Amino acid sequence: MIQGDMTMPASMDQSEAENASSKGRIVIALLLAAAIGGFFYFDLGRYLSLESLKANRDRLLLFTEEHYLASVVIFIGSYCLLVSASLPGAVFFTLAGGLLFGSVVGTVYVNLGATSGATLAFLVSRYLLRDWVEAKFGGWVGPFQEGFSKNAFSYLITIRLIPVAPFFIVNALSGLTKVSLSTYVTATAIGIIPGSFVYAYAGRQLGTINTLREIASPNVLMAFTLLGLLALVPTLYQKYAAKKSG
């Protein structure tokens, strides 16, 4: 009887923890579903276009000037929500960041929103939707696992710099790997800086841009490719050192 009484609280604590974890997952799933449903129900995507940014340019700048702190909080929070729910339109948010806050400061705010959103998507993939992600993108899992096993930091920076896979797919598939959260966050924050700055700078010059192709020119894409290849140098050096020692 004594032994049973002593083990019961531990068992109850474990059960309560599991129930709390299950409830937490349900809440997160409902929030994501509500965000996605609201986005499409209210057709919010119509505001995420080059034409919409140009049409509302003066009003957005005026609101930012009068309510700067609120604008920053709304911008970062909305960007985070957009990325965490894998919704389309992040590129136009980045353009808006440059328009409203300037190239450098806008890049900082974009980085905060995108990195925090990518981190939430990573955690959702790892702890909430693991089976669904694996079933949906199973063909990508093998190459990702192999790349992360060699040098997770360099590999992640490379695929952030070089658009070999959409941003939301990288977020989701990274959650299926063994990469640590700290490595994922650091590599993501560093890897998206060049692209964020290019689009934030373009947003500052919004009046002279007519299509997104004018931003993603061949020269810009080539620069991203070279930066990505540079990030692979540590991995290549490890291979060379291993062969030499062998």
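In this structure, is residue 158 more than 14 Å from the chain's Cα centre (by Cα) and surrounded by 17 or more Cβ atoms within 10 Å (Cβ to Cβ)?
It is true that residue 158 is more than 14 Å from the chain's Cα centre (by Cα) and surrounded by 17 or more Cβ atoms within 10 Å (Cβ to Cβ).
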Subject >> Selection from the stretch 83-114 of residues that are part of a helix (DSSP H, G or I) and more than 27 Å from residue 62 (Cα to Cα) >> reply: 84
Subject >> Checklist (1) in contact with a Gly (Cβ under 9 Å, 6 or more places away or on another chain); (2) surrounded by fewer than 18 Cβ atoms within 10 Å (Cβ to Cβ) applied to residue 103, failing item >> reply: (2)
**OP:** Please work out if residue 177 is of a type outside the set (Lys, Arg), over 19 Å from residue 110 (Cα atoms) and crowded, with 19+ Cβ neighbours inside 10 Å.
**Re:** yes
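Within the stretch 133-149, which residues are farther than 10 Å from residue 176 by Cβ and either modelled with pLDDT under 85 or acidic (Asp, Glu) (or both)?
Scanning the stretch 133-149 gives 139, 142, 143, 146, 147, 149.
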**OP:** Tell me, please, whether a residue that is farther than 23 Å from residue 122 by Cβ and surrounded by fewer than 16 Cβ atoms within 10 Å (Cβ to Cβ) can be found in the stretch 87-99.
**Re:** no
**OP:** Sort out which residues of the stretch 130-142 are surrounded by 14 or more Cβ atoms within 10 Å (Cβ to Cβ) and without any contact (Cβ under 8 Å) to a residue 40 or more places away in the chain, and write them in order of number.
**Re:** 137, 140, 141
**OP:** Note down all Cβ pairs under 8 Å where the first residue falls in the stretch 56-77 and is touching a residue at least 60 places away in the same chain (Cβ under 8 Å), the second is assigned to a helix (DSSP H, G or I) and surrounded by 14 or more Cβ atoms within 10 Å (Cβ to Cβ), and they're at least six residues apart or on different chains.
**Re:** 57/99; 57/206
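Residue-wise test of (1) of a type in the set (Phe, Trp, Tyr); (2) surrounded by 10 or more Cβ atoms within 10 Å (Cβ to Cβ); (3) touching a helix residue (DSSP H, G or I) at 6+ places or on another chain (Cβ under 8 Å); (4) at pLDDT below 95.
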site	(1), (2), (3), (4)
28	no, yes, yes, yes
32	no, yes, yes, yes
37	no, yes, no, yes
40	yes, yes, no, yes
43	no, no, no, yes
52	no, yes, yes, yes
67	no, yes, no, no
73	no, yes, no, no
82	no, yes, yes, yes
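The values are calculated or read from the model by the stated rules, or taken from the named source; none is laboratory data. All values derive from a computational prediction rather than experimental measurement. Please note: Cβ atoms are built from the backbone with ideal geometry, for glycine as well, and neighbour counts cover all protein chains shown.
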